[in-house]
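**Q** Dumping the structure here so I can ask a few things about it.
Bear in mind these aren't lab numbers, they're just calculated from the coordinates by the rules spelled out. These figures come from a predicted structure and were not determined experimentally. No Cβ is skipped: glycine too gets one built from the backbone with ideal geometry, and neighbour counts run over all protein chains shown.
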Amino acid sequence: MNKKDIEEIAYQYEKSVKTEKYSLQLLNIVKSKFLDGYWDVSYKVIGESGNEMDGPLLVVINGDNGKISTMEEIIMQQCENPNVKISNLPLKPKSPLE
């Protein structure tokens, strides 16, 4: 999937999460530095009064199948894998050309 496909998925998610108590506003979409093949997506969480609530909300979108997961879901999935070390460092350092 390309960035345009991911943006469409992110906007559909934004629309689907709207309730009478809060809504989402898309902030940013970038290729994940932590998960190969994923995109990091952030949203503002807007309360019913129009003010920003806790946030931002962070989700990831799988670049292969478009599945959306919260950061907590991804961490829990990876905790089950003994070959994965959970870390706050990127998988690989960026080259000077990126």
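**Q** Just check the stretch 3-79 against the gyration tensor rule for me: Cα atoms, a ≥ b ≥ c as the square roots of the eigenvalues, rounded for a/c under 1.5, and otherwise prolate or oblate depending on whether a/b exceeds b/c. Don't jump to the answer; show the numbers that get you there.
**A** Details: a/c = 2.15, a/b = 1.62, b/c = 1.33.
Verdict is prolate for the stretch 3-79.
**Q** Right, here's the next one. For Ser32, enumerate residues with amide H under 5 Å from its amide H, sequence gap 5+ or separate chain, H modeled in the peptide plane.
**A** Under 5 Å from the amide H of Ser32: Tyr38, Trp39, Asp40.
**Q** Highest mean first, what order results for 8-18, 32-42 on Cβ atoms within 10 Å?
**A** Those peptides, ordered most packed to least, come out 32-42, 8-18.
**Q** State, as an integer percentage, the relative contact order of the stretch 1-72 based on alpha-carbon contacts under 8 Å between residues 6 or more apart.
**A** 26 percent
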